[in-house]
Amino acid sequence: MDTISRTDAHAVTTLEELAALYPAPKDAVFRKETDYVTEPGRRIIEAAPFIILATATGDGIDCSPKGDGPGFVKILDERTLLVPDRPGNNRLDGLKNILANPKVGLIFIVPGANETYRVNGSARITTDPELMKLCEANGKLPRSVTVVSVEQAFNHCPKALIRSDFWNAGKEGRPDGIPTSGTFAAFRDGGDANYEKQYDADYAKRIPNELY
């Protein structure tokens, strides 16, 4: 039991206590689960320009955003997905986790749709030329491809996106006061407001040439 649980008299620490808080799920919640990508699931994957990829080891958890043109995650067959890895910050947290623990989770998100699609499975990292070629974009190959063997797939309840009014919330543009990359860089490097603005300006110039 962790420190918070030891000091919280209301902490939920058993499966029985957890079950007492929630009604039993309906049968349909379990019947929607498959061990392959369904036809409706395929349509979401092929339309999704953005996913969240979760990996984990005994040392920690990583949740990484991945994005490109709609359908950038390729469906090799109903039980195999290809996730290209484009240039990033080279921390490689998720890829390192996969080497230690192949279990992964993905959520596919389509702008404007509250329904998402979840896939859980096992992954491996490859530079197989044929698979790399399938994931080519803008004339550039990915750095590597993560091959996901589907073990569990199902559509996810849309309530979270509905409650957050997620798609409408951004229609007015970027909210005032939300930190930019320059904000974080200035905080990291001890820079001032001018440093922040210059960083953002420089980043905007170079980012188009660093996407692939």
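The values are calculated or read from the model by the stated rules, or taken from the named source; none is laboratory data. Since the model is a prediction, treat every value here as computed from it, not as a measurement. Cβ placement follows ideal geometry from the backbone for every residue including glycine, while neighbour counts extend to all protein chains displayed. Each accessible area value is taken on the protein alone, full model and side chains, heavy atoms only, with ligands, DNA and RNA left out. Shrake-Rupley method; radii C 1.70, N 1.55, O 1.52, S 1.80 Å.
If each of residue 209 and residue 19 carries a label point 7 Å out from its Cα toward its Cβ, how far apart are those two points in nm?
In this crude spin-label approximation the distance works out to 6.1 nm.
So which residue, out of 148, 12, 104, gets the largest mean-square fluctuation from a GNM of the chain using Cα contacts under 10 Å as springs?
Result: 12 has the largest fluctuation of those listed.
Considering the zone a paramagnetic label at residue 174 would reach in this model (a point 7 Å from Cα along the Cα-to-Cβ line), which residues of region 194-212 have amide N under 16 Å from it?
Answer for region 194-212: 194-208.
Under a Cβ-Cβ cut-off of 14 Å, what is the net charge of the residues other than residue 181 that fall near it, where Lys and Arg count +1 and Asp and Glu count -1?
Details: positive: 174, 188, 197, 205, 206; negative: 189, 196, 200, 202, 210.
Summing Lys and Arg as +1 and Asp and Glu as -1 gives 0.
Quick check: convex hull of the Cα atoms in the chain, volume per residue, rounded to a whole Å³?
That works out to 188 Å³ per residue.
How big is region 10-78 along each principal axis, measuring the range of its Cα positions in Å and listing the largest first?
Its Cα atoms span 46, 35, 17 Å along the three principal axes.
Greater than 27 Å separation of Cα atoms is the criterion. Which listed pairs, 159/205; 32/159; 159/197, meet it?
On the way: 159/205 38 Å; 32/159 17 Å; 159/197 38 Å.
From the list (159/205; 32/159; 159/197), the Cα-Cα distance tops 27 Å for 159/205; 159/197.
Using only the heavy atoms of the protein chains and a 1.4 Å probe, how would 125, 44 rank by accessible area, largest first? Could the numbers behind the result be given before it?
On the way: 125 60, 44 35 Å².
So, going from the largest accessible area down, we get 125, 44.
Going by average Cβ neighbours within 10 Å, how do the peptides 56-62, 97-103 rank, with the highest at the top?
In decreasing order of mean packing, 56-62, 97-103 become 97-103, 56-62.
Working with all protein chains in place, sort 74, 133 by solvent-accessible area computed with a 1.4 Å probe, largest first.
Ranked list, largest accessible area first: 133, 74.
Can you pull the Rg over Rh of region 1-124, Cα-only, Kirkwood?
Looking at region 1-124, the ratio lands at 1.04.
Give me the dipole magnitude in Debye, nearest 20, for the chain about the Cα centre, with unit charges on the beta carbon: positive for Lys and Arg, negative for Asp and Glu.
380 debye
For residue 43 and residue 130 in one chain, what is 0.36 nm times their gap in residues minus the Cα-Cα distance, to one decimal in nm?
Extending this stretch completely gives an extra 29.0 nm.
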